[in-house]
Amino acid sequence: MTSALASGLSRKVNKTLEIRTETPELLGALSTLSTFYTDSTPAERRRLRTTIERRGLRANEEFLAAAESVIQALEGVQGELDALAEGCGRISAALAAARGASVELLGSAERVARDLALSETRSALVEQFLQQYQLAPGEVAALQGEEVGETFFAALERVRAIHANCRALLRTHHQRAGLELMDAMSAYQETAYERLCRWLQGECRGLGGADAPEVDPGLQRAAAALRERPVLFRYCAEEVAAARHAALFQRFIAALTRGGPGGMPRPIEMHAHDPRRYLGDTLAWVHQALASERELLVSLFGDDQPAVPRARAGSTEMPDTAALLDRVFESICRPLKVRIEQVLLASPALLLCFRVSQLLTFYHGTVCQLLGPRSQLAETLAAADKLARRMFAEQLKARGDKLLRYPPAPPPDLSPPPQVAEAMAQLLEVVGAFEEALDPAAVRAGEAELAPVLAAALEPLLDMCERSAEALSVDHPSRVDEASTLDPAARRIYLANCLAAMHGGLARHACCAGRARAMRKALDGHLAGLVGGAAGALLACCGLAEVAERVRLYAGGSRSMAADPSLGAERLAGALRGCVALVSRPDALPEFSQLQVPRIRGEAVAAVARALAGAYAAVHDALSDPANGYAPGAAAALEPPAAVQTILGVAL
């Protein structure tokens, strides 16, 4: 027993030691205990449990006293809830009875609600159908009324939309309805288009009175709407073209004869005494009128296509802007052609014919871009241009025939005759006018275009110079004089002077470069003959001509030069000494004083000097070369070629 007590005591001690004194529950209990347990005596410790139990009993009694009022309130609430549950039961019974009595009425109401929803759906579908396939009364009134305005165009657009909807309807099983609706809309549409056409024709008749009338936006919209009906559109377009046709003719005649309002600008025919300005002002007026008329038609009918030939008479095709413009400008073609022909048939000057041709070519190209090459105005300008070119060619030919018929006699100083200067002055005026009309970058490209003109002007002039130079031949019956005919170089000098005069004028123009080169080549040929003759005469005079020729024949051969009796060292040395003596004289070289151009004269003299120096150097080198069989030092006593070149003032 003692061990059991000890064991129990040990467990209590261990349990007591295991208690955690820092827990909040233990601390709270101790704090509460300290409020009423103040004396720690043995008696108080024995009564501690009893004290605690009494305090708990008092606390329970106080709680029950405080909860009594709450319990009474809950009992009152419970009674009210029981009464409410009883009322809800009576109401539920009444509702069940009412529901059983109104089942039939509810079914009828549900059926009515379904029928109402179906009717509303059908009404919406009908309204949508009418909106897509029927015109409103106001729209019908707008289509059938007299006024053409915003409401009319809106109604017409509505008809187009309905017509398009009917096409979609034909692809469904409602084809009959679609056909009937399309017939009705087509009737409305045709009536509206006819009214629109009459209204547009009436409005367009008023466009003929003004020079540049303003196009009302309503007219533009009406014309755009009529494009749906090509026949009606053509009627209106022809109405406008007819009105502008007559107005343009009146304006053209007024511009020629009366001028502008108040006399400004002045009448074009006041400058009829100046054909170039007269035709230039006339064609400029036509070009300006073409631009303004095109702007009017484009603003009214739109710009359909590029320029094409005019539609055939009676065609039902829709006309384009170019065809309408051609119809408008047909009115001035005849008076314009008459005035151009009056200027050209009055035998104008050669330069004026060319300038008129250039002017007509420019405006013809401009009109072809706007109206097409087959338009009346373009054909009129093409015919006038052809006439101007023909008149120009005839005048050129007449001048060439006159030069060939009466070639002038060469002047005593062998200078070019006055006919050459006159013809070149006229030709250069034409060339200058041609270059003025071209873009600077395209001047060289215009050489091919100008080539026929140059050929027609220069070929007769060259033939005239050749025929004129025949009078300088010794055996010619009409030679000029005895002094000149004895000089065989006179003919070459005369032709060289003529060619130099022609070349000098042509070389200043890029578009004549090809012809200038040909002239220079011919001039160089005559100068070469002239230089060859003069050099040959000088070499023959000093005895070097035959020797130099024989040396040239031996050059590169295998035979020895010294073995030839005609090429002995003494003869070669004598010829070289004679050449030195000749060139040492101040007047040894010819001056070619009859060559009119100093530069060419200097070139000819220098060429003769080079020929002499070349011949001397060839013979001297042959004599100095031991391979030719001559004794070494055979040419030691002679002047070296460099000295002769220095005397002549040339360098080979």
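The values are calculated or read from the model by the stated rules, or taken from the named source; none is laboratory data. Predicted, not measured: the structure shown is a model, and the values here were computed from it. Note: ideal-geometry Cβ built from the backbone for every residue, glycine included; neighbour counts use all protein chains shown.
Here are a few things to note about the model shown:
- The listed residue being in contact with an Asp or Glu (Cβ under 9 Å, 6 or more places away or on another chain), among the small types (Gly, Ala, Ser) and either buried (at least 18 other Cβ atoms within 10 Å of the Cβ) or modelled with pLDDT of 85 or more (or both), out of 642, 635, 604, 613: 635
- Here residue 415 meets the list (1) in contact with a Leu (Cβ under 7 Å, 6 or more places away or on another chain); (2) closer than 20 Å to residue 497 by Cβ; (3) of a type in the set (Ser, Thr, Tyr) almost entirely, failing just condition (1).
- In the stretch 586-594, the condition of being under 30 Å from residue 501 (Cβ atoms), charged (D, E, K, R) and not assigned by TED's automatic domain parsing to the domain that holds residue 492 is met by at least one residue.
- Among the candidates 615, 631, the residue that is within 15 Å of residue 535 (Cβ to Cβ) and hydrophobic (A, V, I, L, M, F, W, C) is uniquely 615.
- Residue that is modelled with the lowest pLDDT, among those in the stretch 510-519 that are of a type outside the set (A, V, I, L, M, F, W, C) and surrounded by fewer than 16 Cβ atoms within 10 Å (Cβ to Cβ): 514
- Residue that is modelled with the lowest pLDDT [pool: residues in the stretch 528-557 that are more than 30 Å from residue 602 (Cβ to Cβ) and assigned to a helix (DSSP H, G or I)]: 554
- One residue alone among 343, 328 is in a helix (DSSP H, G or I), of a type in the set (A, V, I, L, M), buried (at least 17 other Cβ atoms within 10 Å of the Cβ) and in contact with a Pro (Cβ under 6 Å, 6 or more places away or on another chain), and that residue is 343.
- Answer from 382, 398 - the residue that is surrounded by fewer than 19 Cβ atoms within 10 Å (Cβ to Cβ), without any contact (Cβ under 8 Å) to a residue 60 or more places away in the chain and more than 30 Å from residue 420 (Cβ to Cβ): 382
- Residue 595 among the hydrophobic types (A, V, I, L, M, F, W, C), modelled with pLDDT of 85 or more and in a loop (DSSP other than H, G, I, E, B): yes
- Selected residue [modelled with pLDDT under 85, in contact with a helix residue (DSSP H, G or I) (Cβ under 7 Å, 6 or more places away or on another chain) and either assigned to a helix (DSSP H, G or I) or of a type in the set (A, V, I, L, M) (or both)] from 560, 566: 566
- Scanning the stretch 593-609 for residues that are under 13 Å from residue 531 (Cα atoms) and touching a residue at least 24 places away in the same chain (Cβ under 8 Å) yields 595, 600, 603, 604, 606, 607, 608, 609.
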